[in-house]
Amino acid sequence: MTETDDVLTLRALWAGSSKVLGAANEARWICEVATALDGADFDAALDEPVTERMVRHHDEMVARYRAGEPLQYVLGRWGFRRLDLAVDARVLIPRPETELVVEAVLDLVAGRSSRRVADLGTGSGAIGLALADELPIDGTEVWITDVDDAALDVARANLAGIGRAARNVRVASGDWLGALPTDVPFDVIVSNPPYVAVDSALLDPSVRDWEPTGALFAGADGLDDYRRIVPDALDRLTPDGSLVLEIGTDQGAAVRALCLDAGYRTVEVRPDLAGHDRIVVAGR
Ligand code: GLN
C-alpha cells in the first residue's frame, strides 16, 4: 500500500487506506492522526509528501483496525463534548449517550453562583473534565475519582489538556464515595459506573473483547455498583443536591427503586437520544 522509492503524498496515503479498509472516513481519521493534521490543514496538505515515520504509524494503525481493535483505541483519541480525549484500553471509550449525562449535570447546577461536583469512576475523565471545561471558571470545583490507578493516569493526561479549567479539578484515588473528602458536601455526584450483567447477551462482542472488564461488569444483574453508590452518596450531597447516574436501558425501574429505598425524595428516569432509559437523576 505504501511506496518507499517514490515520494508518497498524503492524498495517496489516504487513498491507499480507504481502499484497504473500504471506509474513507475511518481511513481519514487514521491519516489525520498519523500526520498530526486535521480539518482544513489536512485538506491543504493533500499534495504534500508524508514522512516515513508517518507512514509507519499509519500502517500500524491500519493493521490494528483490520485486526478488529476499536477505532477509538487505534487512534488513541476520541471526541467527547468539546474535548479531544486520550483513550486506550485502560479506559472505556467515551460514548455519545454519556454526553447527555454531562448535560443533565449542567442543567442541575445552572444559575448557581458556586458548584462542587464529583465524577466517581471517571475512567478517561470524560464526564468530570467536560464539566470542568463547560462550567464557569469561578466557583467551580470538580472531583474526579477512580479505584483503578491505571485509569487515573489516563484521566490525569486528559486533565493536562483542558487548559485553565484544570485548576478547578481534584483527582482522587479510591473506591466510590471512599475517594471523596468527608467534610465537604457536593451539589452533584455523578457516575457512569459498571452496569453490565456478567452474562449479558446484549453486550456487543467488540466491547466485551476490547474494553476494560472492570469498567463494564457489575454482578449478576449489573446493579452491584449502584447498590453501593446510591445509599452512600445520599448524605454526601448538599440538602438540594442530586445524584446523577448513567444506567443500562433495562435498569430504570430497578435503579429508581434503589434510590427511593435509600431515601432520595425525587427520582427521574430520562431517555437517551434513541428513546431508551439512560439517566437517573435522584434529588436528596
Ligand atoms: N454503555 C456501555 C455498553 O453497554 C456500558 C458502560 C458501563 O457499564 N458503564 O456498552
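Limited to the stretch 108-125, what total is found for residues that are among the aliphatic types (A, V, I, L, M), more than 16 Å from ILE279 (Cα to Cα) and open to solvent by less than 20 Å² (accessible area, probe 1.4 Å)?
So in the stretch 108-125, the residues among the aliphatic types (A, V, I, L, M) come out as 108-110, 117-118, 120.
Pick out the ones that are also more than 16 Å from ILE279 (Cα to Cα) and you get 109-110, 117-118.
Next cut, open to solvent by less than 20 Å² (accessible area, probe 1.4 Å) only: 109, 117-118.
Adding up the residues that qualify gives 3.
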When both residues are 6+ apart or on different chains and their Cβ atoms are under 7 Å apart, which pairs have a first residue that lies in the stretch 211-225 and is without any contact (Cβ under 8 Å) to a residue 40 or more places away in the chain and more than 14 Å from ILE247 (Cβ to Cβ), and a second that is in a loop (DSSP other than H, G, I, E, B) and more than 7 Å from the ligand (Cβ to nearest atom)? PHE217/VAL198; GLY219/VAL198; ALA220/ALA197; ALA220/VAL198
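Can you tell me which residue among VAL101, VAL91, VAL105 is outside any helix (DSSP H, G or I), buried (at least 23 other Cβ atoms within 10 Å of the Cβ) and within 18 Å of the chain's Cα centre (by Cα)? Before the answer, list the steps.
Numbers: VAL101 fails: outside any helix (DSSP H, G or I); VAL105 fails: outside any helix (DSSP H, G or I).
It is VAL91.
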Going residue by residue through the stretch 61-81, is there one that turns out to be buried (at least 16 other Cβ atoms within 10 Å of the Cβ) and touching a Gly at 6+ places or on another chain (Cβ under 7 Å)? no
Among the numbered criteria (1) closer than 26 Å to LEU85 by Cα; (2) open to solvent by less than 30 Å² (accessible area, probe 1.4 Å); (3) not in a helix (DSSP H, G or I), which one does PRO136 miss? (2)
Restricting the stretch 192-201 to residues that are near the ligand (Cβ under 9 Å from one of its atoms) and either without any contact (Cβ under 8 Å) to a residue 24 or more places away in the chain or not hydrophobic (A, V, I, L, M, F, W, C) (or both), which is farthest from ALA151 (Cα to Cα)? SER200
Regarding ALA215, is this residue more than 23 Å from the chain's Cα centre (by Cα) and modelled with pLDDT of 95 or more? no
Matching residues, the stretch 10-58, being open to solvent by less than 40 Å² (accessible area, probe 1.4 Å) and outside any helix (DSSP H, G or I): ALA23, ALA45, LEU46, VAL50
Of the residues in the stretch 227-284, those that are surrounded by fewer than 21 Cβ atoms within 10 Å (Cβ to Cβ), assigned to a helix (DSSP H, G or I) and of a type in the set (Gly, Ala, Ser) number 5
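The values are calculated or read from the model by the stated rules, or taken from the named source; none is laboratory data. What you see is a predicted model; the values in this text were computed from it and never measured. Glycine gets a Cβ as well: all are built from the backbone with ideal geometry, and neighbour counts include every protein chain shown. Protein only, heavy atoms only, side chains kept; ligands, DNA and RNA dropped before computing areas. Shrake-Rupley method; radii C 1.70, N 1.55, O 1.52, S 1.80 Å.
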